[in-house]
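> After the C-alpha cells below, expect a handful of questions from me.
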Amino acid sequence: MKARDVRIVLCGGIRTPIGHFAKSLASVSPEHLMTIAINGLLAKTTLYPHAVDGVMVGWVGQGSHAPNIARISVLMSHLPEKAHAVTLQANCVSGMEAISSAARHIVMGEGDLYIAGGTESMSSFPYAIRGDRSMKELRSLDTVKANWSSLLEHEGIGVVDCIEEGLNDPVKNLNMAATAEVCAQMYSIDRKAQDAYALETYKRALEAEESGFYATHSIPVEEHGKRLLEKDEYPYLRESLVKKPEMLSKAPLIFENSAFSMKQFYELYAEHILGKQYIEGQTKASVTLFNSCARSDGAAAVIVASEKRARELNLEILAEIVDWGYWGNNPAHMGVAPVFATAEALQRAGIGFDDLDVIELHEAFAATCLSIFKVGREKYGHHWESKWKDGKLNAHGGSIPLGHPLAATGTRIILNALYQMKNKPSARYALAAACAAGGLGGAMILKKYT
C-alpha cells in the first residue's frame, strides 16, 4: 500500500442546535440527530449523495439499539447504500478523530470524499444492569423480569447510571469534575478567575447568537412536523447570568457542601494534586455547575475531501487540513492535554503558535481552560491567555455557554473555526483543540483555502 500525496480540504459543514440535557431534544435519538445533520449538509451544499464514499461518526454513548451508528445514519439519510461507514469512540475528541479518520482514508486512496462528524444524546443514556449472565437471575430477559423485585439483593448484580459511569475514569477513579478541581488546585486557579472566564464566554456566545453567527451553520431539529429546537438552548437558559453576574458567585460548589469537604477531596486525590497540600481554612473549592460545560444533545458534520474531488464537484472549499496531533496524559490531568496535542500539531504543521489567527478550545471547565493558559505558557511559551483577551480564542463563546454533546463537540469547534475564518478576511491559520476523558488531547490545524 502507498499513501497518496494529496491535499485534504473541508468543504463546509452544519450542526443541529445544542439541546440542554433532558429538555428540547431529549426525545430525539442520536442516530436521528446525525441523520438530520447529514441531510442538512446535503441540502446546504452542492454535494450530491452518490459522491459520498463513506461516513465517519464519533459517538461516545454507544448502545446496542444502533450498532455502528454511522451505518445506521447512512441508511436513514439520503446517502447511497454503497457508502462505507465507521463509528469511532475517543470520548470528547471523537468528532475530531472522525475528521482525521476520513482524511486518512483519503490519503490511503480508499475514497475521495467523506462526511465526518459526531452525535450524542446524553438525555437518552440508559441505566444498566451490571452482572454476568452466568447468574441464573440474568440468564434471559424473562428471568430478569421474573426476578425484578429482588434482583438487586443478589450479590454481583447492580444498576448503574451510564452517564455517571461514563464520566468517571475507571483507572484513576475520579470523575470529570474532579479532574477540573485537581487542575484548579494544582495551578492555583481560584473560583473568582473561573467565574470571570465563564461570564465572558457566556457574553460572547449570546452576542454570537444575536449577530447570526451560529445561524450560518446550524439547522433546526424537527420531528413529526413539529419544530423542537431552532437555536442553541443553553445560552438562553443562562442569559440571566449575563444580566445578573452575581448569580455565578452564588452557584453551589461541587466539592464543598454538607456531604463533602475539600479535606476529603485531598484525601481521595492528593496523589494527583502535585505540589500542593490541604491547608485548613485556606484551601478552597472552586468548580461549580455554572463554570463548567453542560450535559447536552446534538450532532455536527463536515465534508472532508481531496482538493481535486472538491473542485470537480464545485464545492465551496473553506479550509485545508494542515495537520493534527493527539496526545495522552494522566487522566487526572486530562484538562491540560490540549497543550501537548497543540504543540505536537504545530510541530507537524511547521508553524508557530503566534501564527494562529483563530483558536477554538473546548471549554470542559473554566478551570481547565485557565490551566491550559498557564501550562501552555510555562511549557512552550504559547500565550493562550493573550489570544483569549484579544478575542482570537473562542471569539463566539465555547462549550460552557453552548453545552457539550460529547462526540459532537470535536466537530463543533472545527465548524466554528471554519466559519470564523470565512468571516475574517485576515485569518490564515486556525486551531481547534479539545481535551477528552481518559487523558487525551486533540488538536487540528486548518489553513484558509486560497
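Coordinate-derived values only; no laboratory data. Treat the numbers as computed from the prediction; the structure is a model and nothing was measured. Backbone-built Cβ (ideal geometry, glycine too); neighbour counts: all protein chains shown.
> Of 82/231; 203/424; 244/424; 44/231; 23/44, which sit over 25 Å apart, Cα to Cα? Don't jump to the answer; show the numbers that get you there.
Details: 82/231 34 Å; 203/424 20 Å; 244/424 32 Å; 44/231 17 Å; 23/44 27 Å.
From the list (82/231; 203/424; 244/424; 44/231; 23/44), the Cα-Cα distance tops 25 Å for 82/231; 244/424; 23/44.
> Would you mind estimating how fast segment 298-423 diffuses translationally, via Stokes-Einstein at 4 °C and 1.567 mPa s with the Kirkwood radius over Cα pairs, in µm²/s?
Values: Rh = 15.7 Å.
The calculation lands on 82 µm²/s.
> For segment 57-121, which GluC sites (Glu not before Pro) are both in a DSSP coil and crowded by at most 11 other Cβ atoms within 10 Å?
Details: sites: 81, 97, 110, 120; in loops: 81, 110.
Here the GluC sites (Glu not before Pro) that fit, given the DSSP loop and packing criteria, are 81.
> Now for a separate question. Starting from the 7 Å offset along Cα-to-Cβ, what nm value, one decimal, do you get for the label separation of residue 148 and residue 226?
2.6
> For the chain, count all C-alpha to C-alpha pairs, find those more than 32 Å apart, and express that count as a whole percent of the total. Write down the numbers at each step before the final one.
Working: 37792 of 101025 pairs.
Percent of Cα pairs beyond 32 Å in the chain: 37.
> Related question: Stick to the Cα atoms of segment 148-219, pair each with every other, and give me the Kirkwood hydrodynamic radius in Å at one decimal.
Numbers: mean 1/r = 0.0602 Å⁻¹.
Every distinct Cα pair counted, the radius reaches 16.6 Å.
> Okay, next question. Once label points are set 7 Å from the Cα along Cα→Cβ at both residue 239 and residue 261, what is their separation, rounded to one decimal in nm?
Taking the simple label geometry, residue 239 and residue 261 are separated by 4.3 nm.
> Where a ≥ b ≥ c are the square roots of the eigenvalues of the C-alpha gyration tensor, would you call segment 14-84 rounded, which needs a/c under 1.5, or, failing that, prolate if a/b is larger than b/c, or oblate?
Working: a/c = 2.58, a/b = 1.39, b/c = 1.86.
Cα axes put segment 14-84 in the oblate bin.
> Using only the alpha-carbon atoms of segment 287-339 as identical scatterers, what base-10 log of I(q)/I(0) does the Debye formula give at q = 0.13, 0.14, 0.26 Å⁻¹?
Values, matching the q order: -0.67, -0.73, -1.06.
> When the label point is put 7 Å from the Cα of residue 89 along its Cα-to-beta-carbon vector, which residues of segment 15-34 have a backbone N closer than 17 Å?
Residues 30-31 fall inside that zone.
> In nm, to one decimal, how far is the residue 250 label point from the residue 355 one, both placed 7 Å along Cα→Cβ?
With each label placed 7 Å out from Cα toward Cβ, I get 4.9 nm.
> For segment 61-166, how big is Rg over Rh, using alpha carbon atoms and the Kirkwood form of Rh?
1.13
> Let me ask you something else. Can you compute the charge dipole magnitude of the chain about its Cα centre, using +1 on each Lys and Arg Cβ and -1 on each Asp and Glu Cβ, nothing else charged? Give it in debye, rounded to the nearest 20.
Numbers: 46 positive and 50 negative charges, 148 e Å.
Rounded to the nearest 20 debye, it is 720 debye.
> Among DSSP beta bridges whose residues both lie in the chain, state the antiparallel percentage, nearest 5. Intermediate values should be presented prior to the final figure.
Details: 48 of 67 bridges.
In the chain, DSSP labels about 70 percent of beta bridges as antiparallel.
> While we're on this one: Percent of Cα-Cα pairs more than 24 Å apart in segment 173-301, please.
Values: 3561 of 8256 pairs.
Summing the P(r) tail past 24 Å for segment 173-301 gives 43 percent.
> To continue, here is another question. How much length is gained on full extension from residue 274 to residue 160, taking 0.36 nm per residue of separation minus their Cα-Cα distance? Spell out each step's value before the answer.
Working: separation 114, 0.36 × 114 = 41.04 nm, distance 3.15 nm.
This chain segment gains 37.9 nm when fully extended.
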